[in-house]
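A quick write-up on the structure given underneath.
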Amino acid sequence: MPKKCKRCGAVNDSDARHCKKCGGTEFTSGKTATSPGGRAGGGSGKPLYCKKCGQERRVKGKTTGYPVEPSPTSMYWTEYEYYVLECNHIILIRETGRTKIDSSVEL
């Protein structure tokens, strides 16, 4: 039976361990989930799938910051909440709604 990702809603193969769209490991299949609990990771050292490494990596922590450069046409950096993995790659969780002006932009 196909598995639906709880994070992004993508439908995956029945034998999938990670979501093909977001890399998440929480699936639903009917009324049961293959991964118990809330959001995976959470800074507790649980493994998450790193798209850059192509492997599961442990979460070092959860933090907020400005890890994504703004587009060339934007004057603002957007703050995100994200996980930092043991490989030092990040997984974005959500935008916090806060912004700051990009000081490198000259008018």
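The values are calculated or read from the model by the stated rules, or taken from the named source; none is laboratory data. Computed from a prediction, not measured in an experiment: that's the story for all the values here. All Cβ positions, glycine included, derive from the backbone under ideal geometry; neighbour counts span all protein chains shown.
Would you confirm whether any residue within the stretch 29-52 is charged (D, E, K, R) and at pLDDT 80 or above? The answer is yes; a qualifying residue exists.
For the stretch 82-103, the set of residues classified as without any contact (Cβ under 8 Å) to a residue 60 or more places away in the chain and within 18 Å of ARG57 (Cβ to Cβ) consists of TYR82, TYR83, VAL84, LEU85, GLU86, CYS87, ASN88, HIS89, ILE90, LEU92, ILE93, listed by residue number. Against the definition (within 23 Å of GLY9 (Cα to Cα), exposed (fewer than 14 other Cβ atoms within 10 Å of the Cβ) and either modelled with pLDDT of 90 or more or assigned by TED's automatic domain parsing to the domain that holds LYS6 (or both)), how does GLU95 come out, yes or no? Yes, satisfied.
Output yes when any residue across the stretch 53-66 is surrounded by fewer than 12 Cβ atoms within 10 Å (Cβ to Cβ) and at pLDDT below 85, and no when none is. So far as the stretch 53-66 goes, no, none of its residues is surrounded by fewer than 12 Cβ atoms within 10 Å (Cβ to Cβ) and at pLDDT below 85. Counting the residues of the stretch 78-107 that are more than 26 Å from GLY24 (Cβ to Cβ), among the hydrophobic types (A, V, I, L, M, F, W, C) and not in a loop (DSSP other than H, G, I, E, B) gives 1. Residues of the stretch 49-76 that are more than 14 Å from LYS100 (Cα to Cα) and in a strand (DSSP E or B): TYR49, CYS50, GLN55, GLU56, ARG57, ARG58, VAL59, LYS60, GLY61, LYS62, THR63.
Can we say GLU69 is touching a Phe, Trp or Tyr at 6+ places or on another chain (Cβ under 9 Å), at pLDDT 90 or above and among the acidic types (Asp, Glu)? It is false that GLU69 is touching a Phe, Trp or Tyr at 6+ places or on another chain (Cβ under 9 Å), at pLDDT 90 or above and among the acidic types (Asp, Glu). CYS19 passes every criterion in (1) at pLDDT 80 or above; (2) crowded, with 16+ Cβ neighbours inside 10 Å apart from (1).
In the stretch 59-81, which residues are under 22 Å from ARG17 (Cβ atoms) and within 13 Å of the chain's Cα centre (by Cα)? Within the stretch 59-81, just VAL59 meets the criteria. Every listed requirement among (1) farther than 25 Å from TYR49 by Cα; (2) surrounded by 12 or more Cβ atoms within 10 Å (Cβ to Cβ) is met by VAL84 save one, (1).
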